[in-house]
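As structure tokens, the structure follows; a few thoughts come after it.
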Amino acid sequence: MYYVYIIQSINFPEQVYIGCTQDFVKRLSNHNCGTTSHTQKYMPWKLVTYSVFEDKDVAYKYEEYLKSGSGRAFAKKRFW
């Protein structure tokens, strides 16, 4: 299974991160432990939402969409 997720910084709520992984629990732990360079300065993180996909290509296409302008607008409207 592939997880496409959105996390939000607790201390800097305007900072969000969108990612895709097969092991979400480990990945969120990495974000909150500072082992992910892009997110370490905005720790700690909380989960906003996630979606689960069986197909890797579909998951990565959805992640790519969420990172686009229209995808971010969709996420803001639906998840916040």
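Any read-out appearing in this document is the output of simple, stated calculations on the displayed coordinates, not a laboratory observation. Predicted model, so just to flag it, every value in this text is computed and none were measured. Glycine gets a Cβ as well: all are built from the backbone with ideal geometry, and neighbour counts include every protein chain shown.
Selection of the range 15-29 for residues being in contact with a strand residue (DSSP E or B) (Cβ under 9 Å, 6 or more places away or on another chain) and farther than 19 Å from GLU64 by Cβ yields GLN15, ASP23, LEU28.
Here TRP80 meets each of (1) over 12 Å from the mean Cα position of the chain (by Cα); (2) surrounded by 13 or more Cβ atoms within 10 Å (Cβ to Cβ); (3) not hydroxyl-bearing (Ser, Thr, Tyr) with one exception, condition (2). The set of residues in the range 1-20 that are over 11 Å from LEU47 (Cα atoms), surrounded by fewer than 18 Cβ atoms within 10 Å (Cβ to Cβ) and touching a helix residue (DSSP H, G or I) at 6+ places or on another chain (Cβ under 8 Å) comprises ASN11, PHE12, GLN15.
Note on the range 47-63: among residues that are under 24 Å from ILE10 (Cα atoms) and surrounded by 13 or more Cβ atoms within 10 Å (Cβ to Cβ), the one that is farthest from the chain's Cα centre (by Cα) is SER51.
Quickly run through the range 30-46 and pick out the residues that are within 25 Å of LYS77 (Cβ to Cβ) and either basic (Lys, Arg) or in contact with a strand residue (DSSP E or B) (Cβ under 6 Å, 6 or more places away or on another chain) (or both).
Residues of the range 30-46 within 25 Å of LYS77 (Cβ to Cβ): 31, 38-39, 42, 45-46.
If the condition is that a residue be within 25 Å of LYS77 (Cβ to Cβ) and either basic (Lys, Arg) or in contact with a strand residue (DSSP E or B) (Cβ under 6 Å, 6 or more places away or on another chain) (or both), then HIS31, THR39, TYR42, TRP45, LYS46 are the ones that fit.
In the condition set (1) surrounded by 11 or more Cβ atoms within 10 Å (Cβ to Cβ); (2) free of Cβ contacts under 8 Å to residues at least 24 places away in the same chain, MET43 is compliant with all but (2).
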